[in-house]
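**Student:** Below are the structure tokens for one structure; questions will follow.
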Amino acid sequence: MNRSYFFERIRHALFGGRLTPPQVDGVRRLLDYRDTHYAHMSDDQLAYVLATIKWETGHRMVPVREAGGERYLKTKKYYPWVGEGLVQVTWEENAPKFGATKPGDLMSWPLALQAAFDGMSKGLFTRRKLSDYIADGVVDYIGARRIINGQDHARLIAQFAHAFRDALKQAQQTPEASKVLSQKEKEKSNGH
């Protein structure tokens, strides 16, 4: 995949023309994690993971803690296990599913990545998983919101997923600049 092209596409289609260095780093980590731990995951599924993380992190694409000050968060029934990570994991009983042993653990990249990918692929959040909505040529990005949180903002997240999917597909079809250059060099050396 031509990652430069991918980043250029999402910069304009999803992030208002600007990606911060932490956003770029976050998206790179997500793409790398898919490639190394979930190579079988389709681009349609990856697009939905990216879209969910975009929404769940407030568009930051890095692990975050649930919004609100400490005073507000203390009013939550699940405090101190407030939402954290790439996909806001709450409640003490949920944290161990992803290797967290204390509040704050899901702010680390390794556990945040594991929680997002395992949680969505294996149905660890709501028992619903990616393959229930996105598999075998079926793509139901609106219904897929049930993997995380009912139908909260389902249409908006689906729009993000479509934009990520388009960028992924186009980046797969666009050769990397170094490959284009080496092809031109080959043609030049062959007298074309």
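Readers should treat all values here as calculations from the given coordinates under stated rules, not as data from a laboratory. What you see is a predicted model; the values in this text were computed from it and never measured. Glycine gets a Cβ as well: all are built from the backbone with ideal geometry, and neighbour counts include every protein chain shown.
**Student:** Hey, what angle do you get for helix 177-189 against the long axis of the chain, alpha-carbon based, 0 to 90 degrees rounded to 10?
**Tutor:** 10 degrees
**Student:** Dipole magnitude of the stretch 3-189 about its Cα centre, charges +1 at Lys/Arg Cβ and -1 at Asp/Glu Cβ only, in debye to the nearest 20?
**Tutor:** 300 debye
**Student:** Could you work out the helix-only [θ] at 222 nm for the chain, with each DSSP H run of four or more residues adding -39,500 (n - 2.57) and the total divided by the number of residues, to the nearest 500 deg cm²/dmol?
**Tutor:** -16000 deg cm²/dmol
**Student:** While we're looking at this one, here's another question. State, to one decimal in nm, how far the label point of H37 lies from the label point of T75, with both points 7 Å from Cα in the Cβ direction.
**Tutor:** So the label points at H37 and T75 sit 3.5 nm apart.
**Student:** Where q = 0.11, 0.13, 0.17 Å⁻¹, what log10 of I(q)/I(0) comes from the Debye formula for the chain, counting one point per Cα?
**Tutor:** Each listed q corresponds, in turn, to -0.52, -0.69, -1.11.
**Student:** Under 16 Å Cα-Cα from K129, which aspartates and glutamates qualify once same-chain neighbours fewer than 8 residues away are excluded?
**Tutor:** Leaving aside aspartates and glutamates fewer than 8 places away in the same chain, those within reach of K129 are D43, D44, D118, D140.
**Student:** What relative contact order, as a whole-number percentage, does the stretch 3-189 give when Cα pairs under 8 Å and 6 or more residues apart are counted?
**Tutor:** Answer for the stretch 3-189 is 23 percent.
**Student:** Here's another thing I want to ask about it. Putting +1 on Lys and Arg Cβ atoms and -1 on Asp and Glu Cβ atoms, find which of Q114, Y79, Q23 reaches farthest to the positive end of the dipole of the stretch 1-134.
**Tutor:** Y79
**Student:** With the crude spin-label approximation of a point 7 Å out along Cα→Cβ, what separation in nm comes out for H153 versus D132?
**Tutor:** In this crude label model, H153 to D132 measures out at 2.1 nm.
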